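As structure tokens, the structure follows; a few thoughts come after it.
The values are calculated or read from the model by the stated rules, or taken from the named source; none is laboratory data. Computed from a predicted structure; not experimentally measured. As a convention, Cβ positions derive from the backbone with ideal geometry for all residues, glycine included, and neighbour counts pool all protein chains shown. These area figures cover heavy atoms from the full protein model, side chains too; ligands, DNA and RNA do not enter into them. Shrake-Rupley method; radii C 1.70, N 1.55, O 1.52, S 1.80 Å.
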Amino acid sequence: MDKILSRVSSAAGALAVGAFTVNSCIYNVDGGERAVMFDTLRGGILPDVRDEGTHFMIPVIQRPVIIDVRTKPREIPSVTGTKDLQMVNIKLRVLWRPVIEKLPQLYRELGTDFDERVLPSIGNEVLKSVVAQYNAEELLSKRAEVSARIKTELIKRGAHFHLTLDDVAITHLTFGHEFMRAIESKQVASQEAERQQYVVQRAEQERIASVTRAEGEAEAATIITQAMEKTGNAIVEVRRIDAAKEIAKKLAKGRNITYLPGGGTTPAGGNGGTPGLLLSIDK
């Protein structure tokens, strides 16, 4: 019985040692990651990159370094000056990832936190150099052009550090309080100038209308004078009759107008005496 227990314990020990040895000799690289190998006997970081999956290594001598190679966002803020010496607060959103083939060199030169070491410095450098070529108004009117230039320059700078920039965009752009007040004052002045221009145009139209009316009245007076010279007072009587018709029409439509016939008769039996009255009766 003791021999059996001894053999079982020996087998369990050997199995444990074997499992530990096997576990120490393999490592896994998950999805979206790559590994570079540090070898103490072969001069540090090996030049090859290990893909996703399970790999073997020599314990104690070799040590794998796992690096995330997925695309990640990064926001780069900066305060810089424009061509006309206006201060501007600007933020960039950068989608970046490391160049997989250059991971051994990237790790050797910058370590695993290469994004913290590289992106803020080159981002501020590119922002200051590009923004300084435009004045404040051009940053607003030519925002797409400015963003494209920043993207082009940042991609070039990132390539020197073995970083691939998939997208670069301006997400935030604000100016100082003094410049914002100047813009508001300019907008108010522009609106006031437009209003004054409208007033001038309206006065000009009214002047033209007045001149046209005066010319029409003068022409009408001339025609009436010529007609009176030819026909005497006949045209005046016609105008008087037309005016009487118009007055009678308006009075006939009034609700508070009452007609009182005149009293008395003539000796010949006809109506005479006081003429009829039109009274306005307020209710």
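Counting only residues that are out of contact with any helix residue (DSSP H, G or I) (no Cβ under 9 Å at 6 or more places or on another chain) and either surrounded by 14 or more Cβ atoms within 10 Å (Cβ to Cβ) or closer than 20 Å to Gly111 by Cβ (or both), the stretch 24-36 holds 4 of them.
Yes/no matrix, rows are residues, columns are (1) of a type in the set (D, E, K, R); (2) open to solvent by 50 Å² or more (accessible area, probe 1.4 Å):
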| position | (1), (2) |
| --- | --- |
| Lys156 | yes, yes |
| Val168 | no, no |
| Lys186 | yes, yes |
| Arg195 | yes, yes |
| Gln205 | no, yes |
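Candidates in the stretch 122-131 are the residues that are open to solvent by 10 Å² or more (accessible area, probe 1.4 Å) and over 15 Å from Ala148 (Cα atoms); of these, the one that is farthest from the chain's Cα centre (by Cα) is Glu125.
The rows are residues; the columns are (1) under 30 Å from the mean Cα position of the chain (by Cα); (2) part of a strand (DSSP E or B).
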position: Thr80; (1), (2): yes, yes
position: Glu109; (1), (2): no, no
position: Pro120; (1), (2): yes, no
position: Gln133; (1), (2): yes, no
position: Lys151; (1), (2): yes, no
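The condition of being surrounded by fewer than 16 Cβ atoms within 10 Å (Cβ to Cβ) and touching a helix residue (DSSP H, G or I) at 6+ places or on another chain (Cβ under 9 Å) holds for only one of Asp48, Asp39, that being Asp48. As for the stretch 59-76, it holds at least one residue that is in contact (Cβ under 8 Å) with a residue 40 or more places away in the chain and outside any strand (DSSP E or B). Inside the stretch 82-107, residues that are in a helix (DSSP H, G or I) and among the basic types (Lys, Arg) make up a count of 1. The residues in the stretch 69-106 that are open to solvent by less than 50 Å² (accessible area, probe 1.4 Å) and closer than 21 Å to Gly44 by Cα can be counted, and the count is 5.
Among the residues of the stretch 107-121, which ones are among the β-branched types (Val, Ile, Thr) and either open to solvent by less than 10 Å² (accessible area, probe 1.4 Å) or closer than 15 Å to Val168 by Cα (or both)? Answer for the stretch 107-121, where residues must be among the β-branched types (Val, Ile, Thr) and either open to solvent by less than 10 Å² (accessible area, probe 1.4 Å) or closer than 15 Å to Val168 by Cα (or both): just Val118.
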